[in-house]
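The values are calculated or read from the model by the stated rules, or taken from the named source; none is laboratory data. Owing to the predicted nature of the structure, the values given are computational and were not obtained by experimental measurement. Neighbour counts are summed over all protein chains in view; Cβ atoms, including those assigned to glycine, are modelled from backbone coordinates with ideal geometry. Protein only, heavy atoms only, side chains kept; ligands, DNA and RNA dropped before computing areas. Shrake-Rupley method; radii C 1.70, N 1.55, O 1.52, S 1.80 Å.
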Amino acid sequence: MTITETEGPMPDPWELVEGTDWTSLEHAYGSAEGALPMLAGLLGADPGTQARAMRCLEDPVHHQNTIYSATVPAALYVAAALQDPRTATVLPGREQGEYPLRAAMLDWMESVANAVGNDAEAIRERLGFSLERDPASVQIRTLRPALFQTVSPLLHDPDLAVREAAIAAAVSLLDASELVQHRATLIPLVHEVLAASAKRSYRSIAARGLRAWGEETRSLLAEENEDPWASGCSNEPPF
């Protein structure tokens, strides 16, 4: 079994970002009317401009892992831009040095997908809420097959950072019932790549996905439950 496209071709990313009525949408700070010039920078020629676009996506468009109405078209835009040659660049000035823009985009998509995933739904239900009552979350859930379509070609990317980020994003996207048939194909990649990542956050995603899919996770879960402060300062949040 191979992972194949689930839908037709994605729209042009520039048409998506320019054609969205951002003034009618909201993010963490209210109206998203100023989002267009910031997000358009993702397709810019300057890595600094692209880095600012990523910061806009992280906050306010997806502030503290929250899904806003502006997060929905932004997710589709990021997905469409993944295959655009202009995103095959490297971002400067991140904590761990230079980082591929596509890896940062995929990390963002993983966070968006996880915010509407099965674990998030279970937590909300325990608190007396439902994802199904949040229109933006419902829309993101509906988009998951289309988002997966753009992530799947990067599952074997030659750049390890991009490959790991793509597998992590796929794990969260495969909470969608429409995509469960792809789990069997992804499991070896999760074991061989994500579970062996130098990043604890990726190993945690690997453990979460494998556990949900009924796979053996004892060694991963033991590590996932370790105190990150046991050996001093952590190199991942909260540091």
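From the list L143, L147, L173, which residue is open to solvent by 10 Å² or more (accessible area, probe 1.4 Å), hydrophobic (A, V, I, L, M, F, W, C) and closer than 13 Å to A79 by Cβ?
Working: L147 fails: open to solvent by 10 Å² or more (accessible area, probe 1.4 Å); L173 fails: open to solvent by 10 Å² or more (accessible area, probe 1.4 Å).
Step by step, each of L143, L147, L173 is checked, and only L143 is open to solvent by 10 Å² or more (accessible area, probe 1.4 Å), hydrophobic (A, V, I, L, M, F, W, C) and closer than 13 Å to A79 by Cβ.
Let's see how each residue does on (1) of a type in the set (D, E, K, R); (2) in contact (Cβ under 8 Å) with a residue 40 or more places away in the chain; (3) open to solvent by 50 Å² or more (accessible area, probe 1.4 Å):
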position: V17; (1), (2), (3): no, yes, no
position: W22; (1), (2), (3): no, yes, no
position: Y29; (1), (2), (3): no, no, yes
position: D46; (1), (2), (3): yes, no, yes
position: H62; (1), (2), (3): no, yes, no
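Can you pull out every residue in segment 99-128 that is in contact with a helix residue (DSSP H, G or I) (Cβ under 9 Å, 6 or more places away or on another chain) and open to solvent by 60 Å² or more (accessible area, probe 1.4 Å)?
First, the residues of segment 99-128 that are in contact with a helix residue (DSSP H, G or I) (Cβ under 9 Å, 6 or more places away or on another chain): 99-121, 124-125.
Passing the criteria: N118, D119, R124, E125.
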> Right, A161: at pLDDT 95 or above, under 23 Å from A75 (Cβ atoms) and in contact with a strand residue (DSSP E or B) (Cβ under 7 Å, 6 or more places away or on another chain) or not?
Replying inline: yes
